[in-house]
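Peer 1: Before I ask anything, let me first share the structure, which is written out below as structure tokens.
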Amino acid sequence: GTSMAAPHVSGVVALLKSIDPSATPFDIRRALSLTAVDRNLKGYDTAHGYGIVDAKEAADFLTGTYNQNGNCAPDEQLITVRLTTD
């Protein structure tokens, strides 16, 4: 569940920031959501979110070396998110 997913995602976020310190929260979230391995419906769903984090795919996406593997939601399915600092 989320208690195990949170530290994994946090570690990947730290990795992505180390790869690209100028990446914004939106850039990071987009890389994570578009490269997650789906567990149920294509793209976001309420049971599994975007799916399982894939650190290598997210890093490749952020650096521009990403080759979509078919497990990701296409850009047009990306849900606009509101990011806050609170």
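Peer 1: Restricting the search to segment 1-30, which residues are in a loop (DSSP other than H, G, I, E, B) and touching an Asp or Glu at 6+ places or on another chain (Cβ under 8 Å)?
Peer 2: Asp20
Peer 1: If you don't mind, another one. Is it the case that Ser33 is of a type outside the set (A, V, I, L, M, F, W, C), in a helix (DSSP H, G or I) and closer than 18 Å to Thr65 by Cα?
Peer 2: Working: of a type outside the set (A, V, I, L, M, F, W, C): yes; in a helix (DSSP H, G or I): yes; closer than 18 Å to Thr65 by Cα: yes.
Spelling it out, Ser33 is indeed of a type outside the set (A, V, I, L, M, F, W, C), in a helix (DSSP H, G or I) and closer than 18 Å to Thr65 by Cα.
Peer 1: Now a separate question. Pairs only if they're at least six apart or on different chains, beta carbon under 9 angstrom, first in segment 49-65 and loosely packed, with under 14 Cβ neighbours inside 10 Å, second not in a helix (DSSP H, G or I); list them, first residue then second.
Peer 2: What qualifies is Thr63/Asp20.
Peer 1: Another question, if that's okay. Among what's in segment 39-48 and is surrounded by fewer than 18 Cβ atoms within 10 Å (Cβ to Cβ) and in contact (Cβ under 8 Å) with a residue 12 or more places away in the chain, pick the residue that is farthest from Ala6 (Cα to Cα).
Peer 2: Taking the candidates together, the pick is Lys42.
Every number here is computed from the coordinates shown, using simple stated rules; none is lab data. On a predicted model such as this, the values are computed, not experimentally measured, just so you know. Ideal geometry is used to build each Cβ from the backbone, glycine not excepted, and the neighbour counts take in all protein chains shown.
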